Amino acid sequence: MNMKKWNARLSLLTVVLLLIHEGYQLYAYTAMYYNPVLSKVTGYAVAVAMGLHAILSIISVFVLHDAKRITYKKLNLKTVLQRVSAVLIVLLLPIHILSFGLLKSSVGGVGYILTETAQILFYAALFCHIVLSFSNAFVTLGILSDMRKKRILDIFVAVVCVILFIAVSVIITSAHSMMFKG
Ligand code: HEM
């Protein structure tokens, strides 16, 4: 069993689950149709896949030192940002999960602004991690070896992630301000 390949498959599954969760949340917030079961099921599916991916990544990088054997994993700025964004995702995930209650109980206060700021930072960390990592998963799986194609895929993913980041930040924070501030 090649753990790096399983981690790459799992990370791609996490991206798909994240898109489903986020697509549903964006639909719910724009159509003002909210189904708490769908929201929780899609959300916890992402969290479980992400938790497993985080465990395999930590083992792969810090225990097996696998990263050193792969040329694209030189400890450059991209790798540092990939790991910093991963740590931020883990730290901010509890705030993201508890955000509804935190916002509700802090309307008009500094806690409200801090919670929304933490949410936007969480989205930024998620998309930053995906932009820096997505094409690497295809390299790990042996599907992508041409560096020109990898760059094109990186640019495509970056454009999609910037659009999603803006959509999520604007739609969700403005819907919150309508819901909580009347
Ligand atoms: C929705 C959340 C996440 C998504 C979609 C995601 C996606 C990915 C993808 C596609 C890769 C490339 C895999 C490869 O190089 O073969 C990757 C690598 C990595 N991810 Fe994530 N990730 C997420 C969350 C996390 C979290 C929470 C951590 C915390 C530990 C993390 C840590 C890492 C590390 C350390 C690597 C590099 C692994 C290596 O070099 O072998 N990721 N991620």
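Considering each of I20, I95 in turn, give the residue that is in contact with a Leu (Cβ under 8 Å, 6 or more places away or on another chain), surrounded by 13 or more Cβ atoms within 10 Å (Cβ to Cβ) and either at pLDDT 90 or above or part of a helix (DSSP H, G or I) (or both). Before the answer, list the steps.
Numbers: I20 fails: in contact with a Leu (Cβ under 8 Å, 6 or more places away or on another chain).
Going through I20, I95 in turn, just one is in contact with a Leu (Cβ under 8 Å, 6 or more places away or on another chain), surrounded by 13 or more Cβ atoms within 10 Å (Cβ to Cβ) and either at pLDDT 90 or above or part of a helix (DSSP H, G or I) (or both): I95.
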TODO: Go through the residues of region 134-142 one by one and say whether even a single one is under 18 Å from T14 (Cα atoms), of a type in the set (F, W, Y) and either away from the ligand (no atom under 15 Å from the Cβ) or within 16 Å of the chain's Cα centre (by Cα) (or both).
DONE: yes
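Does region 105-133 hold any residues that are under 15 Å from the mean Cα position of the chain (by Cα), among the hydroxyl-bearing types (S, T, Y) and more than 18 Å from L13 (Cβ to Cβ), and which are they?
Keep residues of region 105-133 that are under 15 Å from the mean Cα position of the chain (by Cα), which gives 118-133.
Next, only the ones that are among the hydroxyl-bearing types (S, T, Y) stay: 123, 133.
Result: Y123, single match.
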Task: Top-ranked residue of region 26-37 - restricted to ones that are in contact with a helix residue (DSSP H, G or I) (Cβ under 7 Å, 6 or more places away or on another chain) and in a helix (DSSP H, G or I), ranked as surrounded by the fewest Cβ atoms within 10 Å (Cβ to Cβ) - done: T30
- [ ] Scan (1) surrounded by fewer than 17 Cβ atoms within 10 Å (Cβ to Cβ); (2) closer than 18 Å to H21 by Cβ for the single condition F180 breaks and write down its number.
- [x] (2)
Task: Pairs where the first residue, in region 49-60, is more than 6 Å from the ligand (Cβ to nearest atom) and the second is part of a helix (DSSP H, G or I) and of a type in the set (S, T, N, Q), C-beta under 9 Å, 6+ apart - done: A49/S11; A49/T14; L52/N7; L52/T14; L56/N7; L56/S11; I59/N7
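Residues in region 68-90: is at least one within 17 Å of V168 (Cα to Cα) and more than 12 Å from the ligand (Cβ to nearest atom)? I'd like the intermediate steps shown before the answer.
So the first thing to find is which residues in region 68-90 are within 17 Å of V168 (Cα to Cα), and the list is 89.
Then drop every residue that is not more than 12 Å from the ligand (Cβ to nearest atom), which leaves none.
No, that holds for no residue.
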Open item on the list: When you scan region 141-148, do you find a residue that is assigned to a helix (DSSP H, G or I) and loosely packed, with under 14 Cβ neighbours inside 10 Å, even just one?
Closed with: yes
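Taking the criterion of being within 13 Å of the ligand (Cβ to nearest atom) and either in a loop (DSSP other than H, G, I, E, B) or out of contact with any strand residue (DSSP E or B) (no Cβ under 7 Å at 6 or more places or on another chain) (or both), would at least one residue in region 112-122 satisfy it?
In the first step, residues of region 112-122 are kept if they are within 13 Å of the ligand (Cβ to nearest atom); the result is 122.
From what's left, either in a loop (DSSP other than H, G, I, E, B) or out of contact with any strand residue (DSSP E or B) (no Cβ under 7 Å at 6 or more places or on another chain) (or both): 122.
Scanning region 112-122 turns up at least one residue that is within 13 Å of the ligand (Cβ to nearest atom) and either in a loop (DSSP other than H, G, I, E, B) or out of contact with any strand residue (DSSP E or B) (no Cβ under 7 Å at 6 or more places or on another chain) (or both).
The values are calculated or read from the model by the stated rules, or taken from the named source; none is laboratory data. What you are looking at is a predicted structure, and each value in this text was computed from that prediction instead of being measured. Backbone-built Cβ (ideal geometry, glycine too); neighbour counts: all protein chains shown.
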